[in-house]
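K.L.:
Here it is: the structure, laid out below.
The values are calculated or read from the model by the stated rules, or taken from the named source; none is laboratory data. What you see is a predicted model; the values in this text were computed from it and never measured. So basically every Cβ, Gly included, is an ideal-geometry build from the backbone, and we count neighbours across all protein chains shown. Each accessible area value is taken on the protein alone, full model and side chains, heavy atoms only, with ligands, DNA and RNA left out. Shrake-Rupley method; radii C 1.70, N 1.55, O 1.52, S 1.80 Å.
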Amino acid sequence: QVQLVESGGGLVQAGGSLRLSCAASGRTFSSYAMGWFRQAPGKEREFVAAISWSGASTYYADSVKGRFTISRDNAKNTVYLQMNTLTPEDTAVYYCAADRSFRAYLSGTFEGYWGQGTQVTVSS
């Protein structure tokens, strides 16, 4: 069982930046494909970004391409989400995710683990 803890959320004005971090338990972190989802009030959870075991492959939702960057540091069991040029539409609770299969993120068949989430609020 893997545990994920997000941090780095907060309040930022439109056009600003935030970097989210997710610390994962276990020494097998590098065997997981990691990702981020988000959920705004009254809306369904949506996929944001994913990164493969080695970090060689990444995948982004169209809404964040060119603005967000996902990365990982396997030595620290940590995945990051750098968010630039934020808009109020990015306001949501952001959840870290882990799955054995990178393909699950691409195909929309994710059935892995989620963290507790961290709030990101972008003001206009």
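K.L.:
May I ask you to say which residue of Ala14, Ala56, Ala24, Ala33 is of a type outside the set (Lys, Arg), in contact with a helix residue (DSSP H, G or I) (Cβ under 9 Å, 6 or more places away or on another chain) and over 17 Å from Ala92 (Cβ atoms)?
P.N.:
Matching residue, one of Ala14, Ala56, Ala24, Ala33: Ala33.
K.L.:
Taking Thr121 and the conditions (1) modelled with pLDDT under 95; (2) open to solvent by 40 Å² or more (accessible area, probe 1.4 Å), which numbered condition does it fall short on, given that it satisfies the others?
P.N.:
Of (1) modelled with pLDDT under 95; (2) open to solvent by 40 Å² or more (accessible area, probe 1.4 Å), only one is false for Thr121: (1).
K.L.:
On the basis of being aliphatic (A, V, I, L, M) and farther than 19 Å from Asp73 by Cα, does Ala40 make the cut?
P.N.:
For Ala40, the condition - aliphatic (A, V, I, L, M) and farther than 19 Å from Asp73 by Cα - is met.
K.L.:
Which residues, counting only those in the stretch 1-15, are outside any strand (DSSP E or B) and closer than 19 Å to Thr121 by Cα?
P.N.:
Gly8, Gly9, Ala14, Gly15, listed by residue number.
K.L.:
Same structure again: Being open to solvent by less than 70 Å² (accessible area, probe 1.4 Å) and on the phi > 0 side of the Ramachandran plot is the filter here, so list the residues in the stretch 18-52 that pass it.
P.N.:
Gly26, the sole residue that qualifies.
K.L.:
Among the residues of the stretch 53-86, write down those that are closer than 16 Å to Arg19 by Cα, in a loop (DSSP other than H, G, I, E, B) and open to solvent by 50 Å² or more (accessible area, probe 1.4 Å).
P.N.:
Those that are closer than 16 Å to Arg19 by Cα, in a loop (DSSP other than H, G, I, E, B) and open to solvent by 50 Å² or more (accessible area, probe 1.4 Å): Lys65, Gly66, Asn84, Thr85.
K.L.:
Tell me which residues, restricted to the stretch 87-109, are assigned to a loop (DSSP other than H, G, I, E, B), of a type outside the set (S, T, N, Q) and open to solvent by 30 Å² or more (accessible area, probe 1.4 Å).
P.N.:
Once the filter is applied, which keeps residues that are assigned to a loop (DSSP other than H, G, I, E, B), of a type outside the set (S, T, N, Q) and open to solvent by 30 Å² or more (accessible area, probe 1.4 Å), the stretch 87-109 yields Arg100, Gly108.
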